[in-house]
Amino acid sequence: MQTTMSLMENILPEISIPVVVAGAIVDGRGIAAALLMGAEGVQMGSRF
């Protein structure tokens with residue numbers, strides 16, 4: 001199974017549409033990492 005960040009590494013170079021990353025992003029460091037890797041946005045949620 002791949003992590004969210006490893007999936008981003010594989011997908012972002014292959015497509016030319018904006019990508020909003022969701023899943024396994026839990027804090028500001030995860031948001032910053034996703035944006036630095038090329039995501040256009042991040043979706044976060046809570047089960048509560």
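No value in this document is a laboratory result; all are computed from the given coordinates. Given the structure is predicted, the values throughout are model-derived calculations rather than measurements. Note that each Cβ is placed from the backbone with ideal geometry, even for glycine, and that neighbours are counted across all protein chains shown.
Would any residue of region 26-48 have its amide N under 12 Å from a label point 7 Å out along Cα→Cβ of Val20? List them or say none.
Residues 40-45 fall inside that zone.
From Cα pairs below 8 angstrom and at least 6 apart in sequence, can you work out the relative contact order of region 4-43, rounded to a whole percent? Walk me through the intermediate numbers first.
Values: 38 pairs, mean separation 18.7, N = 40.
Worked out over region 4-43, it gives 47 percent.
May I have the pair-distance distribution P(r) for region 4-43, computed from all Cα-Cα distances with 10 Å bins from 0 and rounded to whole percent?
The calculated distribution, bin by bin, is 32, 60, 8.
Within the chain, list the GluC sites (Glu not before Pro) lying in a DSSP loop whose Cβ has at most 16 other Cβ atoms in a 10 Å radius. Don't jump to the answer; show the numbers that get you there.
Details: sites: Glu9, Glu14, Glu40; in loops: Glu40.
Filter output for the chain: Glu40.
HN-Hα J couplings of region 31-48 from phi, Karplus 6.51/-1.76/1.60, θ = phi - 60°, integer Hz, Gly and Pro as x?
Per-residue couplings from phi come out as 4, 4, 4, 4, 5, 5, 7, x, 5, 7, x, 9, 10, 10, x, 9, 7, 9 Hz.
I'd like the Karplus ³J(HN,Hα) series for region 7-14: coefficients 6.51, -1.76, 1.60, θ = phi - 60°, whole numbers in Hz, and an x wherever there's a Gly or Pro.
Couplings: 5, 4, 4, 7, 8, 4, x, 8 Hz.
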